[in-house]
Amino acid sequence: MQSDTAAPRPYYPVGILRQDGRFHVLAGAFFLAGERIMELTGEASDRPSRYSVQVGWQEHVETWVPLEDDTSLDSCQVRYMNHSCRPNTRIVDRQVVALRDIGVREELTFDYNTTEWEMAESFPCECGHCGGQRIAGFKILSAEGRQSRANQLPEYLRSRMGQ
Ligand SMILES: [Zn+2]
């Protein structure tokens, strides 16, 4: 009897590319808009670090893990995801979710300003879309910058829209 369910995907259908000293996370499969790509795993902390991703008001997931064996790289791929001001994913309930259809080998990015209130380390943006803005978190965005991200925000940032 034929199954009507789709063939299971590999657990982490992404790859990490190192090019010119920078890491990039590439899609290893075609993803549809709204599809979950991978899960954010790691130790929770109440303060941000260089490699943490904020998931709640005082909740940060530490994406850095010591690379001890082949499987440890799989558990920290989000750490290598670059920021973009025109991202193709967002992080929602600790899941990386496609914002639009994404092709194979396309770089996966998210907008750090839609997870972080105040980043441990800011940096000048190299996404190529924003003219090199300093990325430091939602806290320092202009009212316009906040409004343009309104439909991507988790509740802990949406509730601070006017602060
Ligand atoms: Zn940018």
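Some points to look at:
- Rounded to whole Hz, the Karplus (6.51, -1.76, 1.60) HN-Hα couplings of the stretch 105-120, x for glycine and proline: 6, 6, 6, 8, 9, 9, 8, 4, 5, 9, 10, 9, 6, 9, 6, 5
- With semi-axes defined as the square roots of five times the eigenvalues of the C-alpha gyration tensor, the equivalent ellipsoid of the stretch 15-67 measures 23, 17, 9 Å, largest first.
- The residues neighbouring Trp57, those whose beta-carbon lies less than 10 Å from its own, together hold a net charge of -2 under the Lys/Arg +1, Asp/Glu -1 convention.
- For the stretch 146-163, putting each phi into the Karplus relation 6.51 cos²θ - 1.76 cosθ + 1.60 with θ = phi - 60° gives couplings of 5, 5, 5, 9, 3, 7, 10, 8, x, 4, 5, 9, 4, 6, 10, 3, x, 9 Hz, in residue order, rounded to whole numbers and with x for Gly and Pro.
- Amide H contacts for Met38 (H built 1.01 Å from N in the peptide plane; partners 5 or more residues away or on another chain; cut-off under 5 Å): Val96.
- Between Ser52 and Thr63, the built amide H atoms are under 5 Å apart, and every one of these is 5 or more places off in sequence or on another chain.
- Taking Phe138, Phe23, Phe31 as the candidate residues, the one with maximal mean-square fluctuation in a Gaussian network model of the chain, Cα springs under 10 Å, is Phe23.
- Shape category assigned to the stretch 14-158 from the gyration tensor of Cα positions, a/c cut at 1.5: rounded
- Comparing Arg50, Arg79, Arg146 in a Gaussian network model of the chain (Cα springs below 10 Å), the most mobile by mean-square fluctuation is Arg50.
- Taking Asn82, Asn151, Asn113 as the candidate residues, the one with maximal mean-square fluctuation in a Gaussian network model of the chain, Cα springs under 10 Å, is Asn151.
None of the figures in this text is laboratory data; all of them are computed from the coordinates on show. Everything numeric in this text was worked out from a predicted model, so none of it was measured. Please note: Cβ atoms are built from the backbone with ideal geometry, for glycine as well, and neighbour counts cover all protein chains shown.
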